[in-house]
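The values are calculated or read from the model by the stated rules, or taken from the named source; none is laboratory data. Please read these numbers as outputs of a predicted model, since none were measured by experiment. Using ideal geometry, Cβ is built from the backbone for each residue, glycine included, and neighbour counts are taken over all protein chains shown. Just so you know, the surface numbers come from the protein's heavy atoms only, side chains and all, with ligands and any DNA or RNA stripped out. Shrake-Rupley method; radii C 1.70, N 1.55, O 1.52, S 1.80 Å.
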Amino acid sequence: MKNELLENIEKLHTTPMGIDRIRRNLRLGDDVKDVVSWCREKILDSNAVITRQGKNWYVKIDGCIITVNAYSFTIITAHTMR
């Protein structure tokens, strides 16, 4: 199945504030050195459920949701599922 997010995975990025927000929300701590690479691996996981709603992609994997802007491929945030 064609997926624009997966086709443009190399464009995935975030801001310094985004890195801090993702690290804090997912309690990644300093164990994860590269937050973008960590998110990329999760998105590419065969168990990831990827959906698009409006301007964002939502990736559900391993109890968390990663939100990516569909136009700029910026990781906006990530948080644990409730």
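For the stretch 1-24, what are the residues that are over 20 Å from R52 (Cβ atoms) and part of a helix (DSSP H, G or I)? Result: P16, M17, I19, D20, R21, R23, R24.
One residue stands out in the stretch 25-71 among those that are in a loop (DSSP other than H, G, I, E, B) and charged (D, E, K, R): the one that is most open to solvent (accessible area, probe 1.4 Å), namely R27. Close contacts from the stretch 68-82, counting a first residue that is on the phi > 0 side of the Ramachandran plot and a second that is open to solvent by 70 Å² or more (accessible area, probe 1.4 Å) and part of a strand (DSSP E or B), with Cβ to Cβ under 9 Å and a gap of 6+ residues or different chains, come to F73/H13.
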